[in-house]
């Protein structure tokens, strides 16, 4: 099998690439390196640096390679920031996805695997179950749900098979520690290594089920080979929710640092979000075993070896109204430096 993995230089993409190589796939990885790193791309993956917005390059690549499977993991997954970068969000997360779907249809790809998000469900609906009618409350969730609907339409119209995953709060080795907007585990560990206090929006009672990447990458990789998974949607990730305060405390523990939290003004976000994973267990055999402490311990070991990372604040904010003050300070500091 020949497979394309978009977002291959990101931490989830790199782990899926490893799983595909272990399954004997020939793997081509594509990434624009806006949030990932070439060092993440596993040996044995043929890497192409390109954007999913470059439809001409994609067309040539698909026509040349004749992929069997496409694993579309590339996205700008800053859910909270998506309110303020609507154009960027929809271009990257919707138009880029449509470019890939067009190429998949035109070259008879056998199955299109897409990582959506539990952001499609919206607020106050836990545990989230796949047969709920999506009611996203932010631009990121709207974008992901749009692509889900497009895949269903493309299956109906053109026979393109798909598998859709709705992962949540995934963390793990190789994540971008310097990104100030997404992957709270990376943000916390980076702040600890820089001797800073941990930034928590609101009172920290928000609940999430933090999902270790090694528990989900294999299920995503082998899903097209499971006949019962075709043209289905699966929640995938950890079962046990924790508060952000609890996460901060465990991050400090595994990093060997004292608990030091700064509570920032609350931002607009879903307060409680975790999902039911019965379908993933029954159909795909995905049954996460990594505890939060064990997963964070592994990431802490990697983070200490990697060292702190300096991120670049997003420079193209489109809507400033109601932007969290901490993000506004990042933008202001960047302007002073430039």
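The values are calculated or read from the model by the stated rules, or taken from the named source; none is laboratory data. What you are looking at is a predicted structure, and each value in this text was computed from that prediction instead of being measured. We place every Cβ from the backbone using ideal geometry, glycine too, and count neighbours over all the protein chains shown.
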Any chance you could count how many residues in segment 242-281 are in a loop (DSSP other than H, G, I, E, B) and surrounded by 19 or more Cβ atoms within 10 Å (Cβ to Cβ)? 3
Can you report the number of residues in segment 287-297 which are outside any helix (DSSP H, G or I) and closer than 13 Å to residue 170 by Cβ? 2
Quick check on segment 123-136: of everything there that is out of contact with any strand residue (DSSP E or B) (no Cβ under 9 Å at 6 or more places or on another chain) and crowded, with 18+ Cβ neighbours inside 10 Å, which residue is farthest from residue 164 (Cα to Cα)? 136
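Here's the yes/no breakdown for (1) under 20 Å from residue 213 (Cβ atoms); (2) touching a residue at least 24 places away in the same chain (Cβ under 8 Å):
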{"site": "5", "(1), (2)": "yes, yes"}
{"site": "14", "(1), (2)": "yes, yes"}
{"site": "28", "(1), (2)": "no, yes"}
{"site": "37", "(1), (2)": "yes, yes"}
{"site": "43", "(1), (2)": "yes, no"}
{"site": "61", "(1), (2)": "no, yes"}
{"site": "79", "(1), (2)": "yes, yes"}
{"site": "86", "(1), (2)": "no, yes"}
{"site": "100", "(1), (2)": "no, yes"}
On the basis of being in contact with a strand residue (DSSP E or B) (Cβ under 6 Å, 6 or more places away or on another chain), surrounded by 23 or more Cβ atoms within 10 Å (Cβ to Cβ) and within 30 Å of residue 331 (Cβ to Cβ), does residue 74 make the cut? yes
Among the residues of segment 6-19, is any within 18 Å of the chain's Cα centre (by Cα), in a strand (DSSP E or B) and in the same structural domain as residue 219 (by TED's automatic domain parsing)? yes
Does residue 177 satisfy being without any contact (Cβ under 8 Å) to a residue 60 or more places away in the chain and either more than 13 Å from residue 79 (Cβ to Cβ) or under 13 Å from the mean Cα position of the chain (by Cα) (or both)? no
Given (1) crowded, with 20+ Cβ neighbours inside 10 Å; (2) modelled with pLDDT of 95 or more, residue 183 misses just (2)
Looking across segment 153-168 at residues that are out of contact with any strand residue (DSSP E or B) (no Cβ under 7 Å at 6 or more places or on another chain) and in contact (Cβ under 8 Å) with a residue 40 or more places away in the chain, the single one that is surrounded by the most Cβ atoms within 10 Å (Cβ to Cβ) is 154
Given (1) surrounded by fewer than 22 Cβ atoms within 10 Å (Cβ to Cβ); (2) outside the structural domain of residue 322 (by TED's automatic domain parsing), identify the lone condition not met by residue 284. (1)
